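The values are calculated or read from the model by the stated rules, or taken from the named source; none is laboratory data. Since we're looking at a predicted model, the values are computed, not measured. Positions of Cβ are backbone-derived with ideal geometry, glycine not excepted, and every protein chain shown enters the neighbour counts.
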Amino acid sequence: MSTIKEILMLAEVLSMMESLSFEVRFEAGLIGFRAASALVPRDGYGVNQAKAILKARGWTYRTAGPHLGVSHPHLSEVLNGHRQSKRLLAAIATIPIAPPKPSRKSTKGAQ
């Protein structure tokens, strides 16, 4: 069941990439990350879309970096235009919703 949910989430992210047809987005969802990375348009998909995806999915650079297999400074450099990485942008396009943050229980006044 989680595979279907992951495919639907991937299709939702890829639907933001308007330069791809429905058939290509659907096939990328079925084939997975390698297909999605190969289908990233060379001219259309950029850092602004990647930043929007991370924000919409609830990720910070610090938490997304390790999930994507890079350090958070490298992620920052790519998303701020100081470095280029098609692989990283493709990985961001397939990133799932961030796991919930653990809640902090206050210990003040618990005496």
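Annotations
- Test result for GLY58, among the small types (Gly, Ala, Ser), surrounded by 12 or more Cβ atoms within 10 Å (Cβ to Cβ) and at pLDDT below 90: no
Each row is one residue, and each column tells you yes or no for (1) at pLDDT below 60; (2) in a loop (DSSP other than H, G, I, E, B); (3) of a type in the set (Phe, Trp, Tyr).
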{"site": "LEU20", "(1), (2), (3)": "yes, yes, no"}
{"site": "ALA28", "(1), (2), (3)": "yes, no, no"}
{"site": "PRO41", "(1), (2), (3)": "yes, yes, no"}
{"site": "LEU54", "(1), (2), (3)": "no, no, no"}
{"site": "PRO99", "(1), (2), (3)": "no, yes, no"}
{"site": "ARG104", "(1), (2), (3)": "no, yes, no"}
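- Restricting the first member to the stretch 97-111 and to residues that are surrounded by 10 or more Cβ atoms within 10 Å (Cβ to Cβ), and the second to residues that are in a loop (DSSP other than H, G, I, E, B) and modelled with pLDDT of 65 or more, the beta-carbon pairs closer than 7 Å and six or more apart or on different chains are ILE97/ARG57; ILE97/GLY58; ALA98/ARG57; ALA98/GLY58; ALA98/TRP59.
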